[in-house]
Amino acid sequence: MRKLFLFTILAFNIFNAISQQDPMFTHYMFNTVAINPAYAGSRDALTITGLHRSQWVSFDGAPTTQTITAHTPIFNQNVGLGISFLNDKIGPSNTSSLYIDFSYKIKINERAKLAFGLKSGFNIRRTDISSLNILEGNDPVFSESLEKDFMPNFGFGLYYFTDKYYIGASIPKLLENTFNTGTETDVAIEKKHYFLIGGAVFKLSEIFMLRPATFIKITEAAPIEADISALLYVKEKFWVGAMYRTGDALGALAGINITDYLTVGYSFDWSMTNTTFKYNAGSHEIIIRYDLVLAGNKKIRSPRYF
C-alpha cells in the first residue's frame, strides 16, 4: 500500500505536470554539466563526477538517482566535450538517460569567458505498475503492465564565468515527448524545464571563503522552485554549508578536498511538505569528483571553486 500511495502522489504531481519532472540535486554546484551543457570543459581538466541520491529514506519506492558525468576541454581549450549518464527510479518507473555535451567558449576580456553549449541524447523510460503491492493481487489493471518509451531529445545552454563568479541558463530538453504511465488510458508529456544558475566566491579572511550559489527551476504549470545554498570553506580544504529549497526542504552539506584534484561531499535534506514529511527520514546525497590534469596544461587553476 505504501508503494501504491507513492504511485498516487507521483501520478498527481508528475503525470499531470504540476511539479518538476527532472531529478533534483543538492550538490548541483558540483555537478553543473548535468544541468547545463555549456559548462563542459570549463575546469581545464578531464573532470569525472559520480553522484548518488537517496530521497525520502524509509519510504518504499522513494526516488533514487545516480549520475556519472565526464567532460574535458579539447583542441585549443575553447571547445569542450562531455558525456552524461543518469539513472532515476521512482516507484514503478525507471528512467535511464545518456547525453553528449558540446561547448564553445569565447573570451570576453582577461577575466571572463562566455560558453555556448549543446546537449543531445535520449531517455529510456520503463514503467511497470505490476511491481506495486496492492490489496487485491488479481486486479487485472495492475498485472503484466510494462511500458517502455524511447525519447530522443536535445537542448542548449549559456554559461558566463570568471574566477570569482558565474551565471548560466539552460533548457536541457527542448522536445516535449509523450510517454506511457503504465495504464492503458494515461499518456503524459515530458515538459520543458528552464534552469538558471548563479554563484560566487568571496574571501572573508586568510582562512575562510564563502561560496553562495542558487539554482532556479521553471516548468510550465508548476511553481517556480529555487535552491539557495551557501558553503563556508576553511583553508580551501574543508567546507560546510546549508541549503534551502523553496517549499520543499532544508539541507546541510559538508565535504573535503582530499587533494587538489579529488573532492568528496555529502548532504542531508529534511522534507518540509506535509505530503512527504510524515513518511520519510530525509534524503541523503554523496558526490565524488576527480580532475585529471591533461598533458601540457600547466595553467590549471587550483583550487577551482567552479
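Every number in this text was worked out from the coordinates using simple rules, so none of it is lab data. Because the structure is a prediction, the values reported are computed rather than measured. Here the Cβ is made from the backbone with ideal geometry for all residues, glycine too, and neighbour counts use every protein chain on show.
General remarks:
- Highest to lowest packing among 107-118, 191-202, 35-46, scored as the average C-beta count within 10 Å: 35-46, 191-202, 107-118
- Cβ-defined net charge surrounding residue 251, 11 Å radius [Lys, Arg +1; Asp, Glu -1]: -3
- Residues of the range 221-260 with amide N under 17 Å of a point placed 7 Å along Cα→Cβ from residue 194: 221-227
- Residue-by-residue Karplus 3J(HN,Hα) for the range 207-216, coefficients 6.51, -1.76, 1.60, Hz, glycine and proline x: 10, 10, 10, 10, 10, x, 7, 8, 9, 10
- Charge tally in the Cβ shell below 15 Å around residue 219, where Lys, Arg are +1 and Asp, Glu are -1, residue 219 excluded: -2
- Listed pairs 105/191; 164/237; 107/164; 107/217 exceeding 21 Å between Cα atoms: 105/191; 107/217
- Length gained when the stretch residue 76-residue 58 is fully extended (0.36 nm per residue, less Cα-Cα span): 1.6 nm
- Rounded to the nearest Hz, the phi-derived 3J(HN,Hα) couplings of the range 188-201 under the Karplus curve 6.51 cos²θ - 1.76 cosθ + 1.60 (θ = phi - 60°) are 10, 10, 7, 7, 5, 10, 10, 10, 10, 10, x, x, 7, 9, where x marks glycine and proline.
- Length added when fully stretched, residue 116-residue 256, from 0.36 nm per residue minus Cα-Cα: 47.3 nm
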